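Following: one structure in structure tokens, then a few remarks.
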Amino acid sequence: MRLRNTLRRILTAPFRWIAWPFKKLRDFINYEASDSSLSEVLAQSLEKPTDLLEHLTALRGVLIRSVIALLITTTISFAFAPRILEFLSIPIGGTDTLQAIEVTESVGAFMRVSLLSGLVIAFPYIWIEFFVFIHPGLKRRERVFVLTAMPFATLLFLAGLAFAYYIMLPAALDFLLDFMDISTVPRPSNYIRFVTGIMFWIGVAFQFPLIIYTLAAIGLVRARLLLEGWRIAVVAIAVLAAAVTPTVDPVNMGLVMAPMIVLYLLSILFAAAAERRHQRRNAVQNS
């Protein structure tokens, strides 16, 4: 009997090794957090400061590992940072059109591009680190939602980058470089800071529908209130567009406002869909 069990374990070992990650993933997703409210959790933390210290220690570990990952990916980015610089310089005519004045200006632009590309590469790992840190406090439905929302957030961010690079930047540069017929010689540090800032904030703005859907799914936002407050939203979008846009001319502001208004309307539809799902789920639970 013992020999048969040993042989069976040896023969099934490869299959158990293959199934082990999937079992761990299933247990990770199906884990249910406690039903304690936020106030109860805070009260328990005050009663037992050691629990709070454990969480702070775990958070410190997450931050340290995230910084180490960022340093590694930034170092790796040194290899292809010149290609990224060339790509970002295409709307202005290439890196040959850039002219440095200060001695360290080109190095600063190179480091900025390397750091941003390193952050993009390290972002999935950093996100996983923070997700693992907060997942004990999430319910199964919330955990699955966060996992599935990540690809959509990435696609929206990439869509924002593409819009800023292919549509907004050419129009903005045409206006800025020919303003008042004054000849402009772009500097590497100023141009790279300008381009990366515009692309980053437009990419963040494209996350708005997903954020609204998340807030509506947990009952903090209602589609009707968003629809009724469209005038306030347009004013807020105009202010945000003025802050993000490098110029205050109506053309560039319109290029930023148009997609944001469309995103706001999509957010209302997403909020309505989230509300319907939330109502159906509550009806099933109460029945």
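The values are calculated or read from the model by the stated rules, or taken from the named source; none is laboratory data. Since the structure is predicted, the reported quantities are computational estimates derived from the model, not experimental observations. Every residue, glycine as well, gets a Cβ built from its backbone with ideal geometry; the counts of neighbours run over all protein chains shown.
Per-structure values
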item	result
Condition check for Ile84: aliphatic (A, V, I, L, M) and free of Cβ contacts under 8 Å to residues at least 40 places away in the same chain	yes
Among (1) part of a helix (DSSP H, G or I); (2) among the aliphatic types (A, V, I, L, M); (3) closer than 30 Å to Gln99 by Cα, the one test that Val185 misses	(1)
Yes/no for Thr57 being at pLDDT 90 or above, among the polar types (S, T, N, Q), on the phi < 0 side of the Ramachandran plot and out of contact with any His (no Cβ under 7 Å at 6 or more places or on another chain)	no
Residue match in the stretch 189-196 (condition: within 20 Å of the chain's Cα centre (by Cα) and surrounded by fewer than 16 Cβ atoms within 10 Å (Cβ to Cβ))	yes
Ala164 at pLDDT below 80 and within 18 Å of Phe200 (Cβ to Cβ)	no
Top-ranked residue in the stretch 61-110 [being surrounded by 13 or more Cβ atoms within 10 Å (Cβ to Cβ) and charged (D, E, K, R); ranked as farthest from Glu129 (Cα to Cα)]	Glu105
Criterion violated by Arg224 - all others in (1) modelled with pLDDT of 80 or more; (2) surrounded by 14 or more Cβ atoms within 10 Å (Cβ to Cβ); (3) under 30 Å from Val146 (Cβ atoms) satisfied	(2)
Filter pass, Ala33 being outside any helix (DSSP H, G or I), modelled with pLDDT of 55 or more and farther than 30 Å from Leu177 by Cα	no
Residue that is modelled with the lowest pLDDT [pool: residues in the stretch 233-252 that are in a helix (DSSP H, G or I) and farther than 17 Å from Ala205 by Cα]	Val251
Of residues in the stretch 167-188 being of a type in the set (D, E, K, R) and more than 22 Å from Ile202 (Cα to Cα), the one surrounded by the fewest Cβ atoms within 10 Å (Cβ to Cβ)	Asp181
Residue check for Ile192: in contact with a helix residue (DSSP H, G or I) (Cβ under 6 Å, 6 or more places away or on another chain), touching a residue at least 60 places away in the same chain (Cβ under 8 Å) and on the phi < 0 side of the Ramachandran plot	yes
Residue list for the stretch 198-230, restricted to those being in contact (Cβ under 8 Å) with a residue 24 or more places away in the chain and small (Gly, Ala, Ser)	Gly203, Ala205, Ala216, Ala217, Gly219, Ala223
